[in-house]
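Okay, so here's the structure we're looking at.
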Amino acid sequence: MEIVAGSIVLAVIILIAVALFGKKKTKPIESFPETYRRLLNEHVAFYKELDHANKTKFEDRMLLFLSRVRVTGIKTTVEDLDKVLIAASAIIPIFGFPDWEYINLNEVLLYPNSFNHETFAEEDRNTLGVIGTGPYQNIMILSKQGLREGFINNTGKNNVAIHEFVHLIDKTDGSVDGIPEFMFSKQYILPWLNLMQREIQHIIAERSDINPYGTISQAEFFAVVSEYFFERPDLLQTKHPELYNLLSTIFRQQPKKSESV
Ligand SMILES: [Zn+2]
């Protein structure tokens, strides 16, 4: 009996410890640096459009992301701006999913410029971002130049970092196929597949302003229209209302961008 009572006490102590420890792990301890906040206000339109409560949530999630994922410079230094832009790109597409985390990412390697898709060397370079496979599993590679251009050009529809994070989100169900299964209920899968095919045909027929890179596959289509959705939601809503509505359902958010941006 005593042993049983002792075991119960021990179990309770373990449960309390796990609860306390677990809580600490999921809550960032540090406060959000003022320099990060200034950089977000200067460069990240998505953040600027959030109300105060959501800005705080966005900051907390950025800190949590940066506490779990290393950012390493390869032949370049990682500046605060790079960390802020990478973390913001990670959080933007999953901001509608409060508890979601990138379990399939440990490190982001930052290259100075574009690089070779297969060797990651700087020769024959044409790639600005890629999610790793094989020995590069759980690693994302981004060009610092590409990362920054995605945020500096306020009228563009491209953002390489958001593109790569959307591939990672797509990959969580095991396949990068343009259908992030955890994001929408089954009833939307067929309409989404049909809409993707219709829009891809419009691009092929040169009757679309969507990046032609999206014709490569459904996965690339999903990534490029997600860039468009978060970079120019206003324009996407006007030009492709059906696509905008379905992406709002998928991402559980309706990003806004002020006219002045
Ligand atoms: Zn891609």
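Nothing in this text is a laboratory measurement; each read-out follows from the coordinates by a stated rule. For clarity, every value in this text was computed on a predicted model and none was experimentally measured. Here Cβ is always computed from backbone atoms with ideal geometry, including for glycine, and neighbour counts include all displayed protein chains.
The table that follows gives values for the structure above.
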quantity	calculated
Pairwise label distance in nanometres, ARG207 with ALA53, each label 7 Å out on the Cα-Cβ vector	4.4 nm
Calculated Rg and Dmax of the range 34-251 using C-alpha coordinates, Å	16.7, 48
Separation in nanometres of the label points that stand 7 Å from Cα toward Cβ, at ILE74 and TRP100	2.7 nm
Equivalent-ellipsoid semi-axes of the range 177-242, from the Cα gyration tensor, Å, largest first	18, 14, 11
Convex hull volume per residue in cubic angstrom - Cα atoms of the range 204-251	72 Å³
Surface/4 estimate of mean projected area, convex hull on alpha-carbon atoms of the range 146-261, nm²	6.9 nm²
Rounded to the nearest 20 debye, dipole of the range 34-251 from Cβ charges on Lys, Arg, Asp, Glu	280 debye
